[in-house]
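Trainee: Would you mind keeping the following structure in view while I ask a few things?
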């Protein structure tokens, strides 16, 4: 019995270490899962503090809600349609529609936060390097500008164009809205563009001039590639198609801008070929 006890005593530290390691691993996994859930919860709490002016509500309802003292989505989450109708002075149908919009917006974002938190993963420096090597660019056909930018305007990144008034920032944005649609066989990405204008400086006549010049330039290039895919690609690269693939949004104040930014994800999910988002401010 003493020998057996001695063997058990000698073995117990090893068993304890294995058990402790397993518990530690389980603890790490639990903390990671808890961290993901906590991240989702905090994001949802932040979403509940969302200002009502940023929600896609009608202007009349928005004004009445503000007059009644409602400012955030959280204040209306537990309110009944009949109660909201009496307090704000709108019909029960309008109250029901308003509450449905608020709950849909907040709960939809809660789900997306949860999925993002649970599915997030680490990446290595090698993977980042490979992503840089496979990076696509929107070419401008201005060799000096493309060289400065390392090949053009990079996709999946934010590029800020700054300068004094009159240097051509808006012109460049309109040019990019055309260039993003250049067919792949010409070195383009063959995408579409969203143009959010807060100044009212978007000039469709100028876009027509830029698109026409781009078509003529590609026709000259296609002339040196007889019988290839270049002439075929130009059949769809027409002025009408170029203009129809520039989605223009005019925002006259910060409320409209916030609402448009919040609605942009739904728009992009329906227009998967949008590779360029231009914010003119």
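The values are calculated or read from the model by the stated rules, or taken from the named source; none is laboratory data. This is a predicted model, so every value here is computed, not measured. Here the Cβ is made from the backbone with ideal geometry for all residues, glycine too, and neighbour counts use every protein chain on show.
Trainee: Considering only residues that are in contact (Cβ under 8 Å) with a residue 40 or more places away in the chain and over 26 Å from residue 253 (Cβ atoms), which ones fall in the range 56-105?
Mentor: Matches in the range 56-105: none.
Trainee: Hey, another quick one. Which of the residues that make up the range 159-179 are closer than 15 Å to residue 193 by Cβ and not in a helix (DSSP H, G or I)?
Mentor: Residues of the range 159-179 that are closer than 15 Å to residue 193 by Cβ, as a first pass: 159, 161, 170-179.
Across the range 159-179, the qualifying residues are 159, 161.
Trainee: Which one of these is farther than 29 Å from residue 63 by Cβ and modelled with pLDDT of 95 or more: 222, 177? First the steps, then the outcome.
Mentor: Details: 222 fails: modelled with pLDDT of 95 or more.
The unique qualifying residue is 177.
Trainee: If residue 94 meets every condition in (1) over 30 Å from residue 54 (Cβ atoms); (2) modelled with pLDDT of 85 or more; (3) surrounded by 10 or more Cβ atoms within 10 Å (Cβ to Cβ) apart from one, which number is that one?
Mentor: (1)
Trainee: Which residues, taken from the range 214-253, are part of a loop (DSSP other than H, G, I, E, B) and either touching a residue at least 24 places away in the same chain (Cβ under 8 Å) or within 33 Å of the chain's Cα centre (by Cα) (or both)?
Mentor: Kept after step one, since they are part of a loop (DSSP other than H, G, I, E, B), are these residues of the range 214-253: 223-228, 235-238, 245, 251-253.
Scanning the range 214-253 gives 228, 235, 236, 237, 238, 245, 251, 252, 253.
Trainee: Quick one: is residue 203 over 22 Å from the mean Cα position of the chain (by Cα) and in the same structural domain as residue 134 (by TED's automatic domain parsing)?
Mentor: yes
Every residue, every condition in (1) at pLDDT 85 or above; (2) in a loop (DSSP other than H, G, I, E, B); (3) out of contact with any strand residue (DSSP E or B) (no Cβ under 8 Å at 6 or more places or on another chain); (4) not assigned by TED's automatic domain parsing to the domain that holds residue 176, yes or no:
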{"residue": "65", "(1), (2), (3), (4)": "yes, no, yes, yes"}
{"residue": "79", "(1), (2), (3), (4)": "no, yes, yes, yes"}
{"residue": "98", "(1), (2), (3), (4)": "yes, no, yes, yes"}
{"residue": "102", "(1), (2), (3), (4)": "no, no, yes, yes"}
{"residue": "112", "(1), (2), (3), (4)": "no, no, yes, yes"}
{"residue": "140", "(1), (2), (3), (4)": "yes, yes, no, no"}
{"residue": "146", "(1), (2), (3), (4)": "yes, no, no, no"}
